[in-house]
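Some notes on the structure that comes next.
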Ligand SMILES: [Fe+2]
């Protein structure tokens, strides 16, 4: 009998799972600052070279330092449990979550953003979530990308690359993050807070997602109140 991936990760999460509470920014996700610069041209190029992400192809598509190349029974079971979280809501298990581009380091302005976080073993990708794509609610695990790193040393930082428009949904717990402007970046308690995204607007929604091992430089940025950074 297959089990739900969401239910499995819920067991090790510290999130409250009480839908009557209104989560506030700073509790489960925190906006840290904003990049200032011009990356429109590079972003337009990057957007033309994406591929759709599904739960079935996610661990071979994300440019991990240690990509999963073997299709093991454990991997098949994990994918099925991830798909179950869609089918139990009546959805298509092969639905596209988002489009992705993992060749982000080809673009100097994005490399510069990534470097400024001071992460070790940073891996990065850009999500281009097109109209109709839905990344269903889930809790993260970075074991595939970082099998040997203690979880509390890992962080994911997300940079919103274009201004928010209505119809773009970015949900952390019971909080719906919205009204961001291009360059704003945030982190979240990835082991704990369920999160998901959807795009019901007529504009692709783009974000740079950087995952890696925190250093002193990273921790400084996280502990500094909202700051502007030039790239
Ligand atoms: Fe996630």
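The values are calculated or read from the model by the stated rules, or taken from the named source; none is laboratory data. Remember, it's a predicted structure, so these values are computed and weren't measured experimentally. In this analysis, Cβ positions are derived from the backbone assuming ideal geometry, glycine residues included, and neighbour counts consider all displayed protein chains.
Miscellaneous remarks
- Hits in segment 70-93 (condition: in a loop (DSSP other than H, G, I, E, B) and either modelled with pLDDT of 95 or more or closer than 30 Å to residue 42 by Cβ (or both)): 88, 89, 90, 91, 92, 93
- Qualifying residues in segment 127-153 (those that are without any contact (Cβ under 8 Å) to a residue 12 or more places away in the chain and either assigned to a loop (DSSP other than H, G, I, E, B) or within 12 Å of the ligand (Cβ to nearest atom) (or both)) - the one nearest to residue 87 (Cα to Cα): 143
- Qualifying positions in segment 39-59 - touching a residue at least 40 places away in the same chain (Cβ under 8 Å) and not in a strand (DSSP E or B): 39, 42, 43, 45, 46, 47, 49, 50, 54, 55, 59
- Residue, farthest from the ligand (Cβ to nearest atom), within segment 117-126, restricted to residues that are assigned to a strand (DSSP E or B) and over 14 Å from residue 53 (Cα atoms): 120
- Test result for residue 182, more than 12 Å from the chain's Cα centre (by Cα), surrounded by 14 or more Cβ atoms within 10 Å (Cβ to Cβ) and in a loop (DSSP other than H, G, I, E, B): yes
- Listed conditions (1) within 16 Å of the ligand (Cβ to nearest atom); (2) more than 23 Å from residue 60 (Cα to Cα); (3) surrounded by fewer than 19 Cβ atoms within 10 Å (Cβ to Cβ) are all met by residue 163, apart from (1).
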